[in-house]
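Please treat every number below as a calculation from the coordinates, not as lab data. Remember, it's a predicted structure, so these values are computed and weren't measured experimentally. Using ideal geometry, Cβ is built from the backbone for each residue, glycine included, and neighbour counts are taken over all protein chains shown.
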Amino acid sequence: MKRGILVGLLFLIVFSSNVYAANDTGVELVDGFNWLDEEMKQTNWGSNVEQLSWSILALRNAGYDVSGGINKLKDLRQIDHWDDGDVKKSALATLTLYKVGENVDQEIEWLKNKQEKNLRSGSWFVQFLTSSNSGEVECHLYYDEQDKVFFINDSEIVGESSCDVGENWINFESCVQETAGVYEDMSVDCDSTVDASLLYNRGTEYYIVDQIEPLEIENGCFFRRNNCNCDATQYGSWVLDKLGDNYYTKPYLRSECNNDVSDNSFLYMLTGSRVYSDYLDESMSNNDGSWEGSEELTALAIIALRDGSSVSLTTSKNWLESRQREDDGSWSGDVKTTAMVLYSLTKEISVVSNQTSTNTTCYNGVVDVGEECDGSDLVCGEGKICEGCSCVSLPDCEFDSECGDGDVCVGGVCVLDTGCDIDDDCGLGYYCTSANICERESVDDECDFNSDCLSDQECVSGSCVSTDDEGGSFVTWLIIIVIVLLGAAGGYFGYKQYFSKKKKKPSLPGGPTKSFSFGKKPTNYPTTKQRVPASSTQRMPAKDMKGDRIERQLDRSLKKAKDLLGRK
């Protein structure tokens, strides 16, 4: 019996522990944020612009005070750029200041002007496609106040021409403009039977760049060490795109920077083309969800795919969380890696508009005086969210379906779906609003007695709760079972401890009486018999004592269980 109770209790404890641990992911993300925040503050936010920018972006999403980092980033600025004109770092820093509401007009202009002509340019072609049997069609190509005329007959350019032409195309750089700049645009006026498009050729590959009037040549890239560079072009283009400004680098990126995870992550963010999301989906490691086992690459791919992609990222996010170090909460003990991972795993909060009044500080990454939060729910605690810059309790409901039968959701609160004219038309604890609906009264103590509640409720700890046990939670019933079993076990052990000890055997009549004492010299004196009143020697039968004690333990256990059910 005793062994069975112990085994049962052990099973329940282990099982309940597994239930509570089912959602345990190990180290919490907040530990990573705390580590990153501490690292940056200990170094006065450092001087590495890339680390500083990623750290501000990540910590801001979690509601941490990043005012020190913002000031440091502005101190490191060289008028309108960073690190002697490093495009990648300047782009990241510009994005960071933009997100906290700083005016970055000068930085954006600097970044746009850093676009250079693609020195390894391919060839640009204007293609004309006509329907069959359309006869000869006259086409005009207008560029920089020039009018170039071409005659097309059944998808073939006819007539003499001094420039490079094919059956249905012309070479822009030999027929129109000797060298294409960073950006060129032209218009084509032909018969309605002709469709014009712009092509970019690199080696044996052709890319359709534009099919909409006016046709636009995008021939830009960003330099590093006096040459077009994929890394610089990717970050420069990404930031200009997020800030809503023009960039002219897609042909270069599509033809020259399309080989790996990083390349395709940026191409998907810039174009939204499924070609690049499919590449990322197929290159994801099937066994763990990472990209090449790299924390930074996996974070970048998640940042690219999390908005608008159909690629499932659950396994990838779980992989990143599993890589978090238990001793300090970081990723690889590296600031940049930890910041990128945290940025990829948290929801990005709203951007402060540059047109916002200077008196508005909410969402600037700083928890200013009078603010409880700065857009992140993380600092508000359980059951609350950050609205504006104040922590507010979660609403009871958003939709009528979240309320019980006969109730509707009004202003985040479930109310009786009953028309009313006066308060008496509503149930207890509700009042009639000007809209003729019943709303719950807001009082500190909802009830003192059961009579203060509705017919299907009772008063428990000052709150009216439903008496309907249907749908009680598993954990509540588990607690009840454990309490009952513990009560029974306590009674049983009490009985064994106090009432079931074996009686000592009496000395034989007339036999010698021996006494033993440890540490003392034995004596030959006989033991002294004491007179004890008969009433003090009588005991209640062990069986009755056992029953009373177990009954009292069960009563207490059932009372606790009832209280728990009342509070759920």
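Each part reduced to its alpha carbon centroid, region 110-148 and region 55-103 end up 39 Å apart. Classification of region 285-326 by its C-alpha gyration tensor yields a prolate form. The axis ratio a/c (a ≥ b ≥ c) is 1.5 or more, and a/b outweighs b/c. Peptides 40-52, 90-102 ranked from most to least packed by the mean count of surrounding Cβ atoms within 10 Å: 90-102, 40-52. For residue 207 and residue 436, what does the FRET efficiency come to when R0 = 60 Å and r is the distance between their Cβ atoms, rounded to the nearest 0.05? Efficiency computed from Cβ-Cβ geometry: 0.40. For region 102-149, a Kirkwood radius taken over Cα pairs fed into Stokes-Einstein (37 °C, viscosity 0.692 mPa s) yields D = 210 µm²/s.
Other residues lying with their Cβ under 15 Å from the Cβ of residue 244 contribute a combined charge of -2, Lys and Arg counting +1, Asp and Glu -1. In terms of the mean number of neighbouring beta-carbon atoms within 10 Å, the peptides 53-62, 332-341, 233-242, 196-205 order highest first as 53-62, 233-242, 332-341, 196-205. Straightening the chain between residue 314 and residue 424 buys 34.4 nm, computed as 0.36 nm per residue apart minus the Cα-Cα spacing. Here the label points at residue 348 and residue 78, each 7 Å from Cα along the C-beta direction, are separated by 2.8 nm in the simple model.
Please work out whether region 124-255 counts as rounded, prolate or oblate from its C-alpha gyration tensor, where a ≥ b ≥ c are the square roots of the eigenvalues and a/c under 1.5 means rounded, while otherwise a/b larger than b/c means prolate and anything else oblate? Judged from the Cα gyration tensor, region 124-255 comes out prolate (a/c at least 1.5, a/b above b/c). Summarising the label geometry, the points placed 7 Å from Cα in the beta-carbon direction at residue 481 and residue 226 lie 7.8 nm from one another. Counting Lys and Arg as +1 and Asp and Glu as -1 over every other residue whose Cβ lies under 13 Å from the Cβ of residue 41, the net charge comes to -3. Summary of packing: across the peptides 306-319, 170-183, the per-residue average of other C-beta atoms within 10 Å ranks them, highest first, as 170-183, 306-319. Listed values for region 305-313 are Karplus-derived 3J(HN,Hα) couplings in whole Hz (6.51 cos²θ - 1.76 cosθ + 1.60, θ = phi - 60°), namely 8, 5, 10, x, 8, 8, 6, 6, 10, and x replaces Gly and Pro. Residue pairs exceeding 18 angstrom between C-alpha atoms, taken from 88/347; 148/250; 89/112; 41/347; 250/336: 88/347; 148/250; 41/347; 250/336.
Under 5 Å between amide hydrogens, built in the peptide plane, is the criterion, and for residue 209 it picks out 198, 199, 200 among residues at least 5 positions away or on other chains. The simple Förster model, with R0 at 45 Å and r as the Cβ-Cβ distance, assigns residue 400 and residue 285 a FRET efficiency of 0.50.
Database remark: amide H of residue 407 closer than 5 angstrom to the amide H of 417 (H placed geometrically; neighbours at sequence offset of 5 or more, or on other chains; Pro and chain starts carry no H).
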